[in-house]
Amino acid sequence: MTPNSGAPDLSVNVAGIPLKNPVMAASGTFGYGVEFDDVVDLGKLGGFVVKGLSKEPMIGNPPPRLWETAAGMLNAIGLQNIGAQAFLDEKMPRLRQIKDVVVVTNVFGYAREDYERTIEILNQGEGIAAYELNVSCPNTQHGGLQFGSDPRSLDEVVTTAKRVAQRPLIVKLSPNVTSIAQMAYVAQESGADALSLVNTFVAMAIDPETRKPRIANVTAGLSGPAIKPIAVRMVYDAAHAVKIPVIGMGGISTPEDVIEFMLAGATAVQIGTASYWDPCATEKIVDGLQEWCQERRVPRISDLIGGMQLE
Ligand SMILES: Cc1cc2nc3c(=O)[nH]c(=O)nc-3n(C[C@H](O)[C@H](O)[C@H](O)COP(=O)(O)O)c2cc1C
């Protein structure tokens with residue numbers, strides 16, 4: 001508890017970035033933050049990650065792009081976004097007015113130069129705390145293999161991004177790999193200041209009546225509570241392979257889920273799909289964490305990081 005108030009201390013620190021609580025909104029599920037301004041008290045969150053940005057605007061994939069599954073959701077939005085420069089000009093001025101919330105920009109590309117250029121544009125903007133590198137895109141110069149599924153490609157893209165980035169670099173790992181520990185280690189050695197995981201799992205669904213895929217892109221990313229136990233295991237494996245902080249996500253929808261990820265080794269968490277079901281999910285989880293810690297007399301939430309007990 002903080003000395004005078006008796007309230008639990010929810011603050012954490014990720015790669016030198018202080019967060020007043022460990023709850024962040026995940027990229028792609030919270031727009032550019034400003035869209036949630038009327039619904040969520042943004043200043044209550046630890047922070048949020050804006051939609052993935054590229055050097056040029058992108059229109060994304062054709063519909064249908066979303067499909068609800070048992071305890072989860074398939075999406076193939078295709079990284080639709082307004083482009084890094086338009087983000088700085090049109091969204092950042094409003095975001096800068098929100099007090100005491102950390103804004104992270106998610107960055108993606110199809111070649112190393114795309115990441116480089118996007119980060120160079122974002123370096124010019126004020127008020128961004130860190131970059132989150134989405135490496136789950138097909139690397140078009142390497143025959144479409146994802147950056148995040150090949151250690152050498154991952155090393156190349158992280159090294160490039162780190163060289164240009166004037167802010168801390170969070171590398172968001174793909175879960176579609178055999179050894180998440182190996183990819184976590186590669187990202188750390190290539191210069192990542194922190195890791196975030198998991199991104200969505202490649203998945204698909206077919207309509208038995210029409211025999212057509214439920215998603216126009218055929219394959220899509222699975223997110224939501226259905227993936228949570230796998231995500232917890234991956235966060236645990238990654239956190240044990242590196243010294244840098246890990247931000248955990250995948251199916252979080254309750255304060256207890258946050259605690260679970262922290263016990264597995266996460267320093268902070270992100271909430272994605274839950275905001276689709278309840279746009280106020282992030283804010284409610286912050287309140288719930290406060291109560292959870294208070295009731296169990298946990299003075300500092302950071303004490304729980306990596307605290308899973310085997311006996
Ligand atoms: C509709 C949708 C769009 C997403 N867009 C992005 C994105 O632009 N960049 C990114 O790194 N992750 C993106 N993600 C992945 C989420 O940030 C998160 O990693 C994933 O959904 C797992 O968390 P969750 O189960 O809480 O949703 C997206 C997820 C969804 C559901």
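Enumerate the calculated ³J(HN,Hα) couplings along region 63-80 in order (Karplus 6.51 cos²θ - 1.76 cosθ + 1.60, θ = phi - 60°), each rounded to whole Hz, writing x wherever the residue is Gly or Pro.
Computed from phi, the couplings for region 63-80 are x, x, 10, 10, 8, 7, 10, 4, 6, x, 8, 9, 9, 9, 5, x, 6, 4 Hz.
Which FRET efficiency value, to the nearest 0.05, is calculated for R233 and D89 with the Förster distance at 35 angstrom and r the Cβ-Cβ distance?
Between R233 and D89 the formula returns 0.25.
Amide H of A130 versus every other amide H placed in the peptide plane: which residues, excluding those fewer than 5 positions away on the same chain, fall under 5 Å?
Close amide H contacts, sequence-distant or interchain: T105.
Select from N13, P93, M183 the residue farthest towards the positive end of the dipole of the chain; place +1 on Cβ of Lys and Arg, -1 on Cβ of Asp and Glu, and compute about the Cα centre.
Working it through, the farthest residue towards the positive pole turns out to be M183.
Spelling out what I want: for every residue of region 119-133, take phi, set θ = phi - 60°, compute 6.51 cos²θ - 1.76 cosθ + 1.60 (Karplus), and round to whole Hz; glycine and proline get x.
Taking θ as phi minus 60°, the curve returns 5, 4, 5, 5, 4, 6, x, 8, x, 8, 8, 6, 10, 10, 8 Hz for region 119-133.
Could you check what % of the DSSP bridge pairs in the chain are antiparallel, to the nearest 5?
Beta bridges within the chain, antiparallel portion: roughly 35 percent.
If I model a spin label at E120 and R211 as a point 7 Å from the Cα along the Cα→Cβ vector, what separation in nanometres do I get?
5.1
Each residue of region 252-260 in turn: what ³J(HN,Hα) in whole Hz from Karplus with 6.51, -1.76, 1.60 and θ = phi - 60°, glycine and Pro shown as x?
6, 9, 9, x, 4, 4, 4, 4, 4
As an exercise, take the mean of 1/r over every pair of distinct alpha carbons in region 61-101, invert it, and state the Kirkwood radius in angstroms.
Final number for the Kirkwood radius of region 61-101 is 13.0 Å.
Can you compute the FRET efficiency between Q309 and T254 using 1/(1 + (r/R0)^6), with r the Cβ-Cβ distance and R0 = 25 Å? Round to the nearest 0.05.
My answer for the efficiency is 0.75.
Tell me the mean residue ellipticity at 222 nm calculated for the chain from its helices only (DSSP H runs of n ≥ 4, each -39500 (n - 2.57), averaged over every residue, nearest 500).
Helix-only estimate at 222 nm: -8000 deg cm²/dmol.
Please work out the FRET efficiency for the pair Q166 and Y276, using the Cβ-Cβ distance as r and a Förster radius of 51 Å; give the result to the nearest 0.05.
After rounding to 0.05, the efficiency reads 0.95.
Taking amide H positions as placed in the peptide plane 1.01 Å from N, state which residues far from F201 in sequence (5 or more) or on other chains have amide H under 5 Å from it.
The answer is L222.
Please list, in chain and number order, the residues 5+ apart from L195 or on another chain whose amide H is under 5 Å from its amide H, with Hs placed from the backbone.
V171, V246, I247
Could you tell me the extents of the chain's C-alpha atoms along the three principal axes, largest first, rounded to whole Å?
In descending order, the Cα extents are 57, 49, 41 Å.
Taken together, the values in this text are just the output of simple stated rules run on the coordinates, not laboratory data. Given the structure is predicted, the values throughout are model-derived calculations rather than measurements. Virtual Cβ from ideal backbone geometry, glycine too; neighbours counted across all protein chains shown.
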